[in-house]
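> My structure is below; once you've seen it, I'll send some questions.
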Amino acid sequence: MLQGWLVLAVAVVYIGLLFAVAHWGDRRSNSHSPITGRPLIYALSLGVYCTSWTFFGSVGLAANKGLDFLTIYVGPIALYLLGYPILKRVIKLAKAERITSIADFIAARYGKNQRLAAVVTVIAFIGIVPYIALQLKAVSQSVATLVAHLDLALIPGVPAPFHPDVPLTVALSMAAFACLFGTRHIDATEHQSGLMLAVAAESMIKLVALTAVGIYVVFLLFDGPRDLVDAAMANPIGAQMFNRGLSGGNWIVMSLLSFFAVLLLPRMFHVAVVENHTTTELKTARWLFPAYLLAINVFVVPIAMAGLVRYGTAIDADSYVLRLPLDAGAEVVTMIAFIGGLSSATAMVIVAALALAVMVCNELVVPILVKRDLRVADDAPDMVRVLLGVRRVAIFAILLLAYAYHRAVADASALSDIGLLAFAAIAQFAPAFFGGLIWRRGT
């Protein structure tokens, strides 16, 4: 069994490297030699769509419901392959009107209605806080799976001086990261090059990590795909994966929800629209992002099959990614899986908290300041400091509320259930969003 101090050390080192990547990206963007490969970074940063729900939850969903897990990716693939004109128009409108968030965009399409922007912000807040709690739950489950208890004692027989609350530690670390690299400028349309570089790097990390676990399971735990399939078919529980029929109604509904979510989730709108520089970036993302979604799901079904063969229903299927290499004694592969899961969670938490904080500041707090007859101007140093402070406080408040939700509710729910709650909430924006694109006289 892995020692608790080693798991925490790996997590701390990983987050430190993430800070270093973001800092390097910010320095390069401010120098005379900006970061090259922007289209690639932009396309990979869209991988923030793949959260802990993908890394752990997709395997659990595949084990319980077969191929239904694919519905979460059908919508995004369809949008980027077939909906290029929609994406291009949204980005063009956002740049023309200096849009900073999904709330800002919807309000702008209906006469810049501030009350509408506030309603959108409140709905997004209600939907996204549980989604952030999902990430904290996944990290907590990962640590609980790796170590029965966090034995932080470096000297045998000497009690550890403290036992940290892992989800709270992650939440506060990610809040600090978002504040350092996402709230340096009051203009929310200014590109966060360092942050996007870190998010793109995390996309590659979780892809490599899940692929490494899949290769280990298929070719080392089993003697290749045929041996795995034969073992699954010979196991009554494993064979159920192949006997489940496809639910047409479920596929339609879930595909639509994911179609809306990949554009309307605050973090996805921020990355895809606000952080877009040129049409070239979107053209690259049009094929690379769907390819990424396909690649990260290649080994989901094999890992789910292996978990059903080895464990059946004895353990939570969401933990198969970690438990399979851990129980086989493959500590290196286990740590790779842990880092991949941590990467999936941190990328989402950082970008979602930042995007939501911008909405809270611009749509809820600034109107109150204006009503108090305070002068809000970009060249007012005092007001700039106030608004940046509001965003930073909002980031910490969002993550602390997500932590509270995790403690109160999320522990009793599956990862996919919490993710669907967020998707359903964000889908409420779809009629107003897409209606506003084609019907300028709508109210």
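The values are calculated or read from the model by the stated rules, or taken from the named source; none is laboratory data. Computed from a predicted structure; not experimentally measured. Don't worry about glycine lacking a Cβ; one is built from the backbone with ideal geometry, like all the others, and counts go over all protein chains shown. Keep in mind that these areas ignore ligands, DNA and RNA; they rest on the heavy atoms of the full protein, side chains included. Shrake-Rupley method; radii C 1.70, N 1.55, O 1.52, S 1.80 Å.
> So, by mean Cβ neighbours within 10 angstrom, what's the order for 274-283, 257-266, 387-396 with the highest one leading?
Numbers: 274-283: 17.4, 257-266: 24.0, 387-396: 19.4.
Answer by packing, highest mean first, reads 257-266, 387-396, 274-283.
> What is the sum of charges, Lys and Arg at +1 and Asp and Glu at -1, for the other residues whose Cβ falls under 14 Å from the Cβ of Leu399?
+4
> Could you tell me the ratio Rg/Rh of region 41-107? Both radii from Cα atoms, Rh via Kirkwood.
With Rh from the inverse mean 1/r over Cα pairs, Rg/Rh is 1.09.
> For region 241-323, take N as its residue count and report Rg(C-alpha) divided by 2.2 N^0.38 Å.
Its radius of gyration relative to the 2.2 N^0.38 Å reference: 1.47.
> Between region 88-132 and region 261-318, what is the C-alpha centre distance in whole Å?
24
> Using a 1.4 Å probe on the protein chains only, how many percent of the accessible area of region 308-353 belongs to carbon and sulfur?
55
> Of the cross-linked pairs Lys95/Lys283; Lys88/Lys112; Lys88/Lys206; Lys65/Lys88; Lys88/Lys137, which ones have a Cα-Cα span greater than 24 Å in the structure shown?
Correct reply: Lys88/Lys206; Lys65/Lys88; Lys88/Lys137.
> What net charge do the residues around Arg89 carry, taking every other residue with its C-beta under 12 Å from that of Arg89, with Lys and Arg at +1 and Asp and Glu at -1?
On the way: positive: Lys88, Lys92, Lys95, Arg109; negative: none.
Summing Lys/Arg as +1 and Asp/Glu as -1 gives +4.
> Which values of log₁₀ I(q)/I(0), to two decimal places, follow from the Debye formula for region 214-369 at q = 0.11, 0.12, 0.15, 0.21 Å⁻¹ with a uniform point scatterer at every Cα?
For the requested q values the scattering log ratios are -0.66, -0.76, -1.02, -1.33.
> Please report the carbon-and-sulfur percent of the accessible area for region 80-128; probe 1.4 Å, protein heavy atoms only, DNA, RNA and ligands left out.
66
> Next up: Over region 265-406, with the other protein chains present, what is the accessible area per residue in square angstrom, probe 1.4 angstrom?
Roughly 37 Å² per residue, with all protein chains present.
> With Rg and the Kirkwood Rh both taken from Cα atoms, where does Rg over Rh land for region 90-150?
1.31
> Then there's this: Highest mean first, how do 225-232, 21-28, 44-51 rank when packing is the count of other Cβ atoms within 10 Å averaged over residues?
44-51, 21-28, 225-232
> Order these peptides, 123-131, 199-207, 55-63, by their mean beta-carbon neighbour count within 10 angstrom, highest first. Kindly include the intermediate steps, with their values, before the conclusion.
Details: 123-131: 21.3, 199-207: 23.1, 55-63: 27.8.
Descending mean neighbour count gives 55-63, 199-207, 123-131.
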